[in-house]
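Data block below; observations after.
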Amino acid sequence: MFEKSVDKNICSVYNEYTKRTNVLQRRIKYMKKIVIRNKFRFICFLLVSFTLISLIGVSIFNLGKVYGQDPADFETHFVAPGETVWSIAEQYNKDGDIRSLVYEIQKINNSSSCLYVGQQIKVPV
């Protein structure tokens, strides 16, 4: 009626009458039960985990992409003696308003209105 077998350190007993073994019940006894004690904290944990995994996934797919202005939009200008940002802006001005071009030149080159002879600056075209 009962058969006993030892296989890979698991002792199992087969009951012919019920056609079951005791292996599953033994494994269930030793399995750790997950108990959610605080639903709010568990939901917050899931949301934070999902957000972090999403951010990591998006950043992995965008690693090779670089965003910025096209380098062809700039012209390199070497500062001559006596030139100022305003005089350079007058040379490259197309709109009629020099102030916006002066602002762009200073912003692109991360500099103030002080220029040095031989300095290489970028001018938007």
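Some notes on this structure:
- Scanning the stretch 63-93 for residues that are at pLDDT 80 or above and in a loop (DSSP other than H, G, I, E, B) yields V79, A80, P81, G82, E83, T84, N93.
- The stretch 94-125, subset of a type in the set (A, V, I, L, M) and in a loop (DSSP other than H, G, I, E, B), residue farthest from D73 (Cα to Cα): V117
The values are calculated or read from the model by the stated rules, or taken from the named source; none is laboratory data. As the structure is a prediction and not an experimental result, all values here were calculated from the model.
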